[in-house]
Amino acid sequence: MPEIIIMPQLGMTMEKGTITKWHKSEGSSVVKGEVLLEVLTDKANMDVESPVSGIVYKILFKEGEEVDVGKPIAVIKLEKDSEEDLEKLINELVSDKSQASPKEKEKSEEINIKEIQSKEKYIPATPYAKKLASENNLDLHTIERNKSGFVSSQEVKSSLDKQSIQPINLTPIVKAMSSKMEESVKIPQFTLYYEIKADNLIKSKYELEKRGLDASLTIIIAKVIAEVIKNYEIFSYYFKEGMLFKNVGDNVGIAVATDSGLLVPVLKGLTKKSFKELINDYKSLVFKAKNNKLDIDDIEGGAYTISNLGMFGVDFFRALLVPNQSAIFAISSIKDSVFVQNGGIHIGKVMNLSISCDHRFIDGSKAAGFMMELKKVLEEDILEEIGKWQ
């Protein structure tokens with residue numbers, strides 16, 4: 001019996017997948033476990049392996065097409081399959097693929113009738129209107145006539161303008177981001193803003209570089225947050241359907257902007273791994289995110305998220321919670337500032353750091369207590385703290 005390859009469900013929330021690449025063409029042999037195609041889900045680009053060995057007999061959907069989960073996308077011929085069985089199966093699958101609902105058939109028939117009727121009629125149009133329509137592949141039958149009963153260049157231009165403002169289809173990644181943000185705004189959230197004196201933070205970066213560690217401020221801050229937050233167990237939970245569920249506390253999502261949209265890969269084991277390992281893991285995740293190579297394991301399991309817009313000169317901002325997480329941190333740019341300390345006026349480096357929390361189970365006093373300790377470590381204890389990092 002031929003093997004039918006279906007669009008797999010590569011994540012719990014996946015409903016559709018876009019075929020980005022076929023690694024095998026019709027007539028090619030494939031071995032069990034070999035990558036057959038790549039599928040872009042709403043979260044990542046995933047490899048799909050062949051469950052059997054055989055010949056790729058028929059590909060039902062081309063690259064770039066979006067397919068519902070569970071729908072057949074290809075047929076693999078096995079050793080004992082006959083041509084008769086294969087042709088019968090293919091005809092059934094192609095028939096199912098092309099089968100339309102009664103409403104769609106009725107609509108299609110109406111359109112066809114209108115097209116036949118319209119093409120039987122002569123469309124009066126000015127020579128320039130005909131030329132303009134021809135150059136832009138416009139059918140004069142589809143253009144509305146003016147009050148005088150003919151098509152002028154003005155009607156053609158109006159039709160072109162309408163085409164230019166057609167809605168744009170979103171990529172699966174942008175759709176997923178939109179869906180999460182719609183879900184996020186339904187969560188009651190509060191945000192606390194803190195001014196952080198950043199002179200020692202910058203010094204810590206230079207000290208780590210002297211030790212051969214190519215550290216970014218994002219990873220330094222992420223590491224400090226993980227070390228402090230482990231003393232506040234409430235942040236390792238998330239709220240769902242009236243109950244609290246446990247996340248892994250030292251796994252943090254890092255927001256990464258890509259050409260396809262915003263992705264949040266998860267950096268894991270911040271309190272357990274060496275700082276050098278974290279740097280390498282972070283660089284690997286950013287590379288995979290920017291090249292659509294993240295897999296499901298790379299984007300699941302975050303207890304909270306960090307978003308850094310400091311490199312864009314942002315003074316302060318509030319980030320929206322990622323659903324099924326407890327909090328999100330927003331890091332702003334470091335700037336020179338004048339401030340009063342110990343009765344004297346000083347000039348130093350200052351940045352804004354905010355935390356947004358799920359107010360359904362975290363209250364302001366708990367978040368403020370955590371942020372005060374985090375502020376102290378970042379401002380005063382950071383140089384001593386990095387001495388423990390390898």
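In region 343-366, the qualifying residues are those that are in contact (Cβ under 8 Å) with a residue 12 or more places away in the chain and part of a loop (DSSP other than H, G, I, E, B), and the one that is least open to solvent (accessible area, probe 1.4 Å) is Ile362. Residues satisfying the criterion are present in region 183-197 (criterion: among the β-branched types (Val, Ile, Thr), part of a strand (DSSP E or B) and open to solvent by 20 Å² or more (accessible area, probe 1.4 Å)).
Would you mention how many residues in region 42-54 are open to solvent by 50 Å² or more (accessible area, probe 1.4 Å) and either closer than 16 Å to Glu26 by Cβ or within 19 Å of the chain's Cα centre (by Cα) (or both)? The number of residues fulfilling the criteria is 1.
Conditions tested, residue by residue: (1) closer than 30 Å to Gly301 by Cα; (2) open to solvent by 30 Å² or more (accessible area, probe 1.4 Å).
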site: Gln9; (1), (2): yes, yes
site: Glu34; (1), (2): yes, yes
site: Val56; (1), (2): no, no
site: Leu60; (1), (2): no, no
site: Lys71; (1), (2): yes, yes
site: Ile76; (1), (2): no, no
site: Leu86; (1), (2): no, no
site: Asn91; (1), (2): no, yes
site: Ser95; (1), (2): no, yes
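Taking residues in region 367-390 that are under 20 Å from Lys272 (Cα atoms) and open to solvent by less than 40 Å² (accessible area, probe 1.4 Å), and partners anywhere that are at pLDDT below 90 and in a helix (DSSP H, G or I), the pairs with Cβ atoms closer than 8 Å and at least 6 places apart or on different chains are Val377/Glu385. Beta carbons closer than 8 Å, at least 6 apart along the sequence or on distinct chains, pair a first residue in region 126-148 that is over 18 Å from Lys162 (Cβ atoms) with a second that is surrounded by fewer than 15 Cβ atoms within 10 Å (Cβ to Cβ) and not hydroxyl-bearing (Ser, Thr, Tyr) for Thr126/Phe150. Yes or no: region 16-23 includes at least one residue that is crowded, with 20+ Cβ neighbours inside 10 Å, polar (S, T, N, Q) and out of contact with any helix residue (DSSP H, G or I) (no Cβ under 6 Å at 6 or more places or on another chain). Checked region 16-23: no residue is crowded, with 20+ Cβ neighbours inside 10 Å, polar (S, T, N, Q) and out of contact with any helix residue (DSSP H, G or I) (no Cβ under 6 Å at 6 or more places or on another chain).
Leu285: in a helix (DSSP H, G or I), of a type outside the set (Lys, Arg), free of Cβ contacts under 8 Å to residues at least 40 places away in the same chain and open to solvent by less than 20 Å² (accessible area, probe 1.4 Å), yes or no? Judged against the criteria, Leu285 is a match. Give region 257-282 a look and list any residue that's in a helix (DSSP H, G or I), without any contact (Cβ under 8 Å) to a residue 40 or more places away in the chain and not polar (S, T, N, Q), or say none. Once the filter is applied, which keeps residues that are in a helix (DSSP H, G or I), without any contact (Cβ under 8 Å) to a residue 40 or more places away in the chain and not polar (S, T, N, Q), region 257-282 yields Glu277, Asp281.
Restricting region 255-281 to residues that are open to solvent by 50 Å² or more (accessible area, probe 1.4 Å) and not acidic (Asp, Glu) leaves a set whose member that is farthest from Ser204 (Cα to Cα) is Leu262. In this structure, Tyr232 qualifies as open to solvent by 40 Å² or more (accessible area, probe 1.4 Å), among the aromatic types (Phe, Trp, Tyr), closer than 16 Å to Tyr304 by Cα and over 24 Å from the mean Cα position of the chain (by Cα).
Every test in (1) closer than 23 Å to Lys77 by Cα; (2) part of a strand (DSSP E or B); (3) out of contact with any Gly (no Cβ under 8 Å at 6 or more places or on another chain); (4) open to solvent by less than 60 Å² (accessible area, probe 1.4 Å) is passed by Val39 save one, and that test is (3). Name the one entry in Thr305, Thr271, Thr258 that is over 22 Å from Val39 (Cβ atoms) and in contact with a Lys or Arg (Cβ under 7 Å, 6 or more places away or on another chain). After applying the criteria, what remains is Thr271. Looking across region 288-319, the residues that are closer than 21 Å to Ile229 by Cα and assigned to a loop (DSSP other than H, G, I, E, B) come down to Glu300, Gly301, Gly302, Ala303, Arg318, Ala319. The set of residues in region 200-229 being within 30 Å of Val340 (Cα to Cα) and either open to solvent by 60 Å² or more (accessible area, probe 1.4 Å) or hydroxyl-bearing (Ser, Thr, Tyr) (or both) consists of Lys203, Ser204, Tyr206, Glu207, Ser216, Thr218. Residues that are touching a Leu at 6+ places or on another chain (Cβ under 6 Å) and small (Gly, Ala, Ser) within region 186-221 comprise Ser204, Ala215, listed in sequence order. Exactly one residue out of Val340, Val248, Val252 is open to solvent by 70 Å² or more (accessible area, probe 1.4 Å) and within 25 Å of Gln390 (Cα to Cα): that is Val248. For the structure I just gave you, tell me whether Ser333 is in contact with a Cys (Cβ under 9 Å, 6 or more places away or on another chain) and either surrounded by fewer than 17 Cβ atoms within 10 Å (Cβ to Cβ) or not hydrophobic (A, V, I, L, M, F, W, C) (or both). Taking the combined requirement at face value, the residue does not satisfy it.
Before we move on, is Val256 under 17 Å from Thr171 (Cα atoms) and touching a Ser or Thr at 6+ places or on another chain (Cβ under 8 Å)? Before you say what the answer is, go through the steps one by one.
On the way: under 17 Å from Thr171 (Cα atoms): yes; touching a Ser or Thr at 6+ places or on another chain (Cβ under 8 Å): no.
So Val256 does not fit the description; no.
The values are calculated or read from the model by the stated rules, or taken from the named source; none is laboratory data. Note that the structure is predicted; figures quoted are calculated from it, not measured. All Cβ positions, glycine included, derive from the backbone under ideal geometry; neighbour counts span all protein chains shown. Surface areas here come from the heavy atoms of the whole protein model, side chains and all, with no ligands, DNA or RNA. Shrake-Rupley method; radii C 1.70, N 1.55, O 1.52, S 1.80 Å.
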